[in-house]
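Bear in mind these aren't lab numbers, they're just calculated from the coordinates by the rules spelled out. All of these numbers come straight from a predicted model, not from anything done at the bench. Every residue, glycine among them, receives a Cβ derived from its backbone with ideal geometry; neighbour counts consider all protein chains shown.
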Amino acid sequence: MSVRIGVVLFPGSNRDIDARNAIEVAGAEPVVLWHEDADLSGVAGVVLPGGFAYGDYLRAGVIARFSPVMRAVSAFAAEGGLVFGICNGFQVLAEAGLVPGALLRNRSVRFVSREASVVAERPDSPFTSLVGGRRPLRLPVAHGEGCYYADEATLDTLERDGQVLFRYVRPDGAVALPGDPANPNGSLRGIAGVANAAGNVAGLMPHPETAVEAILGSDDGLAIIRSFVESAAERARRGPLVGVGGR
Amino acid sequence: MSADASFRYAVNVTPKDGILDPQGRAVEGSLGHLGIAGVRDVRVGRRVELTVDAVDETAARAVAERLAGELLSNPLIEAFTIEALGATSSTRSGTRSEIRA
């Protein structure tokens, strides 16, 4: 039996179908989790998909943070369950305090919809284990508030503790700092994705789930989705999630 | 909790000092088109007005503070001030208010 991965559906989610497709391509079974149900149906991992949950009213992600399903997601995360927030899902996780930092309006003040290159900074996280090192991955970005921000002390801590999972890079592989055209939104230190301290909750601004088949323009995202799915499957095989640390 | 009075507040939320505010910068950049000079340090925030039903002003302000800190602003990047707009009615009878988390 293939592993079951939950995809949360908020009012305004619009990448949920892409997420479900990516999970299937990665060999797992997607399970839709309704935002009003504080129940995860026993899934092995949870994806918070992209979109505009609750219309992005007030601040992107903040209303979704208080939805019933997020109580269940928080409890699942606290037990070591794998949670992956993509784009708007990253914004929800940041607003909920499940990953560090905040996503500010893009430095350009424009919605950006194009391709970006990122590298995985850790070869061993549950979200990057099958990526195969620090090679540039071509992924679409589509967001208005994707500028990663945390104060300097927090950024230093994230780097020291290996919580920076992905960074935007230039064609030559160098990190794309704010102001570099290869950094689509002005994210500090080129950060595109981060994990919590335990390593089991991650947010990523670009969209690996819409880059899982060559016909979509890139299949570079599949290694990320497969890393997540297989890590969730491995944890499910090991039995109940109790006090599982990330590293 | 019984609510005897209503208090109206404005919560003003602004980007914290040092946080890049690209909207403020865009507004500032447009001022030249209006032929206006000598305006700087534009910061764009939001203002939320709300009425709180509570037993007294202290209780009402506590609710407004909690809302401002937990929902209306993100403490990592934004600061807020609460402005009292005055009691909207001195007495209310037979009403109850619930405060939902």
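Geometric descriptor of region A:59-137, per residue, is 116 Å³ (volume of the convex hull of the Cα atoms). Placing R0 at 41 angstrom, the Cβ-Cβ distance between A:Ser41 and B:Ile36 gives a FRET efficiency of 0.10 after rounding to 0.05.
Note on region A:4-237: Rg/Rh from Cα positions, Kirkwood definition for Rh, rounded to two decimals, is 0.93. Each of A:Ile86, A:Ile215, A:Ile5, A:Ile17 was scored by other Cβ atoms within 10 Å of its Cβ. Listed from fewest to most, they are A:Ile215, A:Ile17, A:Ile5, A:Ile86.
Distance between the C-alpha centres of region A:1-42 and region A:141-195: 27 Å, rounded to the whole angstrom. Among the DSSP helices (H) of chain A, those spanning at least 20 angstrom by Cα along their long axis with an average Kyte-Doolittle hydropathy of 0.0 or more are A:222-237; this is a geometric and hydropathy rule only.
Rounded to the nearest 20, the Cβ-based charge dipole of region A:4-237 about its Cα centre (Lys and Arg +1, Asp and Glu -1) stands at 340 debye. Mean per-residue shielding of peptide B:70-77 is 6, counting Cβ atoms of other chains within 10 Å of each Cβ. Note on region A:54-126 and region B:64-86: Cα centroid distance 22 Å, given to the nearest whole angstrom.
A DSSP coil position with no more than 10 other Cβ atoms inside 10 Å describes the following trypsin sites (Lys or Arg not before Pro) in region B:37-84: B:Arg40. Cβ crowding within 10 Å, taken as a proxy for footprinting-reagent exposure, orders A:Arg167, B:Arg25 from fewest neighbours to most as B:Arg25, A:Arg167.
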